[in-house]
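Contents: one structure, followed by commentary.
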Amino acid sequence: MSFEYFLDSAVNLNMKNIELWAAAPHFDLDTLDEKILASKKKAIESRGLKVVCITPEQCSYPVNIAAEETALREKSIKYFKTAIDAARELDSPYVLVTAGCGYFDSDVEEAWQRSVASMKELVKYAEKRGVILAYEPLSVFSSNIVNDVHHLKKMLDTIPSDNLKGMLDMGQAALAREEINDYPRILGDKLVHVHLLDATPMGHLALGEGNLPIGEYIDALEENEYKGFYTFEFTALQYRHKPEEADRKSLEWLKKNNKLKEV
């Protein structure tokens with residue numbers, strides 16, 4: 001579906017806040033220029049929408065800030081800097097980041113050090129532009145560097161900055177068999193963003209279509225005074241032709257279960 005379909009769906013569902021997935025063809029960071037960005041900004045603002053997070057594609061694309069290959073690592077850093085610049089222009093408070101990945105048959109500590117070095121450069125860039133990097137742990141299927149809240153806390157402690165904070169993806173946490181309330185307990189006010197989805201436990205499903213205890217997850221976060229946004233992340237192929245229905249069904253689930261907040 002088109003970029004305009006996405007924006008119009010948000011309006012149709014009475015949403016005011018959106019997370020922007022930054023990838024081709026809709027928001028390709030590799031080809032983004034001032035003209036394209038201005039056009040996207042106009043389309044968003046003309047509908048009364050607010051971007052609360054820019055999420056660059058960084059799992060399927062050849063983007064890896066921990067890559068052994070210097071050229072790929074430098075290209076990946078540049079990619080995230082473009083996202084940070086876009087966030088500043090669109091007045092988005094957050095850009096989602098991850099650790100990248102080392103080769104699974106290579107030294108993990110070396111991959112960690114490359115990831116830290118890259119992230120330090122990105123944090124300095126974000127600090128100058130007033131953008132906060134929301135750091136998401138990835139499952140062991142996607143990375144061997146930061147896979148849970150404890151790894152995340154270690155990274156945040158390694159790079160102390162008001163512009164580097166943590167986030168929670170409910171699907172990733174479920175795969176790692178984590179306790180959801182560990183995120184606010186361990187991260188405190190450094191937990192700033194949450195991806196809301198269902199799963200089985202893999203997949204990115206609309207709420208109610210998986211077997212995760214979503215209501216219990218939300219309750220745990222609210223009881224620990226989580227103050228950030230919850231954003232939908234539904235990527236299962238069955239939604240490709242009618243993605244608005246997944247959002248609509250999820251909003252209805254939230255309303256039915258008395259979990260609906262401002263959208």
- request: Quick one: plug the Kirkwood hydrodynamic radius of the chain (C-alpha pairs) into Stokes-Einstein at 10 °C, 1.306 mPa s, and report D in µm²/s.
  value: 85 µm²/s
task: Treat each spin label as a single point 7 Å out from the Cα along the C-beta direction, and report the H150 to E4 distance in nm.
output: 5.1 nm
- prompt: Taking R0 as 30 Å, what's the FRET efficiency between L260 and H26 from their Cβ-Cβ distance, rounded to 0.05?
  reply: 0.65
- line: Any residue on another chain or 5+ positions along whose placed amide H is under 5 Å from the amide H of H193 is listed here as L168
field: Set of lysines near K78 by C-alpha distance (under 24 Å), chain-local residues within fewer than 8 positions excluded
entry: K35, K40, K41, K120, K124, K128, K165
query: Any idea how far apart D189 and E127 come out in nm if each label point goes 7 Å out from Cα toward Cβ?
result: 1.9 nm
- request: Report, in whole Å, the centroid distance computed from the Cα atoms of the stretch 147-181 and the stretch 1-58.
  value: 26 Å
query: Which of the trypsin sites (Lys or Arg not before Pro) across the stretch 175-246 are loop residues per DSSP, with 13 or fewer other Cβ within 10 Å?
result: R177, K227, R240
message: Cut-off under 15 Å on the C-alpha distance; same-chain residues fewer than 8 positions from K227 excluded. Which aspartates and glutamates are left, in chain and number order?
response: D189, D219, E262
message: Cut-off 20 Å, label point 7 angstrom out along Cα-to-Cβ of N211: give me the residues of the stretch 149-188 whose amide nitrogen falls inside.
response: 170-180
- request: Set the Förster distance to 22 Å, then compute FRET efficiency between V140 and E110 from the Cβ-Cβ distance, nearest 0.05.
  value: 0.75
query: With every protein chain present, what is the per residue accessible area of the chain (1.4 Å probe, Å²)?
result: 50 Å²
Computed lengthening from D162 to Y103, 0.36 nm per intervening residue step minus Cα-Cα distance: 18.2 nm
- prompt: When the dipole is taken about the Cα centre of the stretch 3-257, and only Lys, Arg (+1) and Asp, Glu (-1) are charged at their Cβ, what size is it in debye, to the nearest 20?
  reply: 740 debye
statement: Within the stretch 121-140, the residues whose backbone N lies under 17 Å from a label point placed 7 Å from the Cα of D91 along the Cα-to-Cβ direction are 130-132
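Once you mark the chymotrypsin sites (Phe, Trp or Tyr not before Pro) that are in a DSSP loop and have at most 13 other Cβ atoms within 10 Å, what is the longest gap between them in the chain?
So the longest stretch without any such site is 142-263.
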statement: For the pair Y61 and E45, the simple spin-label estimate (label points 7 Å beyond Cα toward Cβ) gives in nm 2.4 nm
query: To the nearest 500 deg cm²/dmol, what mean residue ellipticity at 222 nm is calculated for the chain from DSSP H runs of n ≥ 4 alone, each contributing -39,500 (n - 2.57), summed and divided by the residues?
result: -13000 deg cm²/dmol
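The values are calculated or read from the model by the stated rules, or taken from the named source; none is laboratory data. All values derive from a computational prediction rather than experimental measurement. With ideal geometry, Cβ positions are generated from the backbone for all residues, glycine too; neighbour counts draw on all protein chains shown. Only protein heavy atoms, including side chains, enter the accessible area calculation; ligands, DNA and RNA are left aside. Shrake-Rupley method; radii C 1.70, N 1.55, O 1.52, S 1.80 Å.
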